[in-house]
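Enquirer: Submitted below is the structure of interest, expressed as structure tokens.
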Amino acid sequence: METGRKRDGAALIALDWGTSSLRGFLMDGAGAVLDQRANAHGIQNLPQPGLPGFEQAFAGLCGDWLAANPGVPVVAGGMVGSAQGWAEAPYVACPADTSTLASKAIAVDSAAGVRILIAPGVTYAPPDAPPDILRGEEIQIAGVLADRPDWARESCMVLPGTHSKWVQIQDGRMTRFATYMTGEVFAVLTKHSILGRLMPADVEAGAEARDAAFAEGVRAARASGPGDLTHQIFAARTLGITKRMAPELLKDFLSGLLIGHEMISGLARTGAALGGAAPGSGRPLLLIGDGALCRRYVQGLGLLGIEPTARLENTAPRGLFQFAIAAGLIVPPAGKDTHV
């Protein structure tokens, strides 16, 4: 797709700016993506340190879009609004919806004279438990709910990743959520612990064998008792030493074990019974994120007797568009309900 040429109907530049990557979307007034691009200039990998790095990354990704579409509004979400980002957009408290985010957004004026509206994160701070936070996922959630009032009424959204989120939705608002450091723990254990010494980096088993090892990990999590996790993790070493599992399958077993423990806890928080409700009944359970990782969660949930309602990818552009509408930067398309 050509760049640098004015796009007919270009109405918004939307930035999904995370820790390790920067994604940009040029969108029209109906929310359709006209052009998109991405690079590795997340907030921890800028072209140069500090504010000049943010300026350079922004100009490098969007400079020709801005030149071809003068005056087009710009919005951003993700870690760009964290304390380590371009400017800090303080967290808003649950319950929160897209209108709440827009009302607490902050603006940054770039060196090019372009104003960027940055979305805040969300915090859940019950009086009887430690607080929890998310930043970036709120935009993905807004994108999911934009066209699904049935899911906005009540649902549970699971966003797998380095720090997985389980978010409860009620009447279009995020009411509570829980974070699981599943992906980060997996990375630490496989790269920086004794377990990784038995896991070859240059050998990969077939899909069927990997799925079987993953399932064994999920079943171990389901059979666990209180406090068993660190004991069970050691099996990712002993199964290899005793040759009961091939070395190239140990990562999959460990992945199943960690994801299994996350799912059991997350389902308990949502009130879902293991092996319980028939598919399609009860509160919708939605998976949002990378296809390969979500596939693992679908497999794991199936082993626990749960069928997700839907699996969705890349909902951030739609969420950023809804954020721009809520902030008054774009007139909503005719006939669209913009309350999320």
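Enquirer: To the nearest Å, what is the center-to-center distance of the stretch 237-269 and the stretch 61-89, using C-alpha atoms only?
Expert: That distance is 40 Å.
Enquirer: Which of these, ALA129, ALA178, ALA187, has the largest mean-square fluctuation under a Gaussian network model of the chain (Cα springs below 10 Å)?
Expert: Greatest mean-square fluctuation among the candidates belongs to ALA129.
Enquirer: Given a cut-off of under 8 Å on Cα pairs at least six residues apart, what relative contact order in percent is computed for the chain?
Expert: 18
Enquirer: Counting every Cα pair in the stretch 162-307, what percent are over 26 Å apart?
Expert: Of the Cα pairs, 25 percent sit more than 26 Å apart.
Enquirer: Can you send over the carbon and sulfur percentage of the accessible area for the stretch 1-98, probe radius 1.4 Å, protein chains only?
Expert: Answer for the stretch 1-98 is 52 percent, counting heavy atoms of protein chains only.
Enquirer: For the stretch 1-81, which trypsin sites (Lys or Arg not before Pro) pass both filters: DSSP loop (anything but H, G, I, E, B) and at most 16 other C-beta atoms within 10 Å?
Expert: Qualifying residues, ordered by number: ARG5, LYS6.
Enquirer: May I have the extent of the alpha carbons of the chain along their three principal axes, as whole Å values ordered from largest to smallest?
Expert: On the principal axes, the chain reaches 65, 43, 40 Å in Cα extent.
Enquirer: Further, regarding this structure: Restricting the calculation to Cα positions, tell me the Rg (one decimal) and the Dmax (whole number) of the stretch 1-104 in Å.
Expert: 14.3, 42
Enquirer: Related question: Enumerate the amide H contacts of LEU34 below 5 Å, restricted to partners 5 or more residues apart or on another chain; note that Pro and chain-start residues carry no placed amide H.
Expert: For LEU34, the qualifying residues are LEU26, MET27, ASP28.
Enquirer: Using only the Cα atoms of the stretch 60-191, what are the Rg and Dmax in Å?
Expert: My reading of the Cα-based Rg and Dmax gives 16.6, 53 Å.
Enquirer: What residue among GLY206, GLY217, GLY24 shows peak mean-square fluctuation when the chain is described by a Gaussian network model with Cα springs under 10 Å?
Expert: GLY206
Enquirer: Counting only helical runs of four or more DSSP H residues, what would the 222 nm mean residue ellipticity of the chain come to if each run contributes -39,500 (n - 2.57) and the total is spread over all its residues?
Expert: About -11000 deg cm²/dmol.
Enquirer: Pull up the cross-link candidates among the aspartates and glutamates for LYS251, meaning alpha carbon to alpha carbon under 17 Å and not fewer than 8 places away within one chain.
Expert: GLU184, ASP202, GLU204, GLU208, ASP211, GLU216, GLU262
The values are calculated or read from the model by the stated rules, or taken from the named source; none is laboratory data. The shown structure was predicted, so the numbers you read here are calculated from the model rather than taken from an experiment. Note that each Cβ is placed from the backbone with ideal geometry, even for glycine, and that neighbours are counted across all protein chains shown. Heads up: the accessible areas ignore ligands, DNA and RNA and are worked out on the full protein's heavy atoms, side chains in. Shrake-Rupley method; radii C 1.70, N 1.55, O 1.52, S 1.80 Å.
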